[in-house]
Amino acid sequence: MNVRLGLCQMKVTADKQANLRQAQAHIAQAAAQGAKLVLLPEMFNCPYDNACFPEYAEARGGETWQFLARMAQTYRLTLAGGSIPEREDGKIYNTCYLFSPQGQELARHRKVHLFDIDVPGGQHFRESDTLHAGDQITVAETEFGPIGLAICFDIRFSELFRVMGQRGARVILVPAAFNMTTGPAHWELSFRMRALDQQCFVAGCAPARDERASYVSYGNSIVCDPWGSIAGRLDEKENVLIVDLPLNTLEDYRAQIPILSARRTDLYDTVIQTNTF
């Protein structure tokens, strides 16, 4: 089975309604080009800023949730709704919803690893000042087979992707917003490595770059194949990236270099459980 994937690299502003309209325009463009699986960027409905997360946060089933369900149903595609600030029980999470072509929620992934960094002369950000971390590893059953979900900083943690691979993920979708410090250094490397690790397709969708924003996105939305090669990539500007994923080739990749079947899970699981590494 092949699937046509669309990544919607859109600019994000302080106007939530304008962001939703822009998202719809990008989704419509992807659908018009035949995409049946679509990914939006991290925090696509609000600025990536700790000060904004409480103001824009919505409960599950709220305005943006309903918008995403409607878009999936309207355009008859599987939609990974980037991420939004989600409010529940007095806490705010960085959350990605996955919807079926019937507009039904298939999965919800809350960012497991919060973005707390301090690079001298570079980027300083602490998501944990506002957000709470999720505690679930997310792989959803779809018409294309199992799809894994992660969000931005999650990609630096190979253990998370290892578990998704063990759970059969054929594609892993990652709404993300690397910045101008980490993006040039680690963006491409991270996505190629995770695809190579798990011998699956890994896609990262970022907001388009806005030099006037308080947090400047690197952009460069990307799709990597199981060989660790780049199957498609954008620059920093607004655009829709369309990539055909030949899912029927996964077993060929895995047969050539059988790392999934050769993993010493008996050894690794023992080491992890006993902390004897």
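Taken together, the values in this text are just the output of simple stated rules run on the coordinates, not laboratory data. Nothing here was measured: the structure is a model prediction, and the numbers come from that model. No Cβ is skipped: glycine too gets one built from the backbone with ideal geometry, and neighbour counts run over all protein chains shown.
Amide H contacts of Met43 (H built 1.01 Å from N, in plane; Pro and chain starts excluded): Ser83, Ile84 sit under 5 Å, all sequence-distant by 5 or more or on other chains.
Rounded to the nearest 20 debye, the dipole size of the stretch 207-265 about its Cα centre is 320 debye, using +1 on the Cβ of Lys and Arg and -1 on the Cβ of Asp and Glu. Once the chain from Gln66 to Asp135 is taken as fully extended at 0.36 nm per residue, the excess over their C-alpha distance is 22.4 nm.
Output the antiparallel fraction of DSSP beta bridges having both residues in the stretch 121-249, as a percent to the nearest 5.
On the way: 12 of 20 bridges.
Here the share of antiparallel DSSP bridges comes out near 60 percent.
Looking at the chain, identify the longest residue range that excludes and avoids all GluC sites (Glu not before Pro) in DSSP loops having at most 15 other Cβ atoms within 10 Å.
Numbers: sites that count: Glu143, Glu211.
That gives 1-142 as the longest site-free run.
Which of the trypsin sites (Lys or Arg not before Pro) found in the stretch 167-248 are in a DSSP loop and have at most 15 neighbouring Cβ atoms, other than their own, within 10 Å?
On the way: sites: Arg167, Arg170, Arg192, Arg194, Arg209, Arg212, Arg233, Lys237; in loops: Arg167, Arg170, Arg209, Arg212, Lys237.
Of the trypsin sites (Lys or Arg not before Pro), the ones in loops of the stretch 167-248 whose Cβ has at most 15 other Cβ atoms within 10 Å are Arg167, Arg212, Lys237.
Against the set (i) 1.07; (ii) 0.95; (iii) 1.01, the structure's computed Cα Rg over 2.2 N^0.38 Å falls on (ii). Dipole magnitude for the stretch 86-190: about 160 debye, using +1 per Lys or Arg Cβ and -1 per Asp or Glu Cβ, origin at the Cα centre. Using the Cβ-Cβ distance between Asp252 and Ile230 with R0 set to 25 Å, the FRET efficiency from 1/(1 + (r/R0)^6) comes to roughly 0.85. For a label point 7 angstrom out from the Cα of Thr13 toward its Cβ, which stretches of the stretch 196-229 have the backbone nitrogen within less than 14 Å? Zone members listed by number: 210, 212-213.
Suppose we keep just the DSSP beta bridges with both residues in the chain; what percent of those would be antiparallel, to 5? Each step should come with its number before you reach the end.
Details: 35 of 51 bridges.
Of all bridge pairs located within the chain, approximately 70 percent are antiparallel.
Whole-Hz Karplus values for the stretch 193-202 come out as 5, 5, 5, 5, 3, 9, 6, 9, 8, 10 Hz, taken residue by residue from phi with 6.51 cos²θ - 1.76 cosθ + 1.60 and θ = phi - 60°; glycine and proline positions read x.
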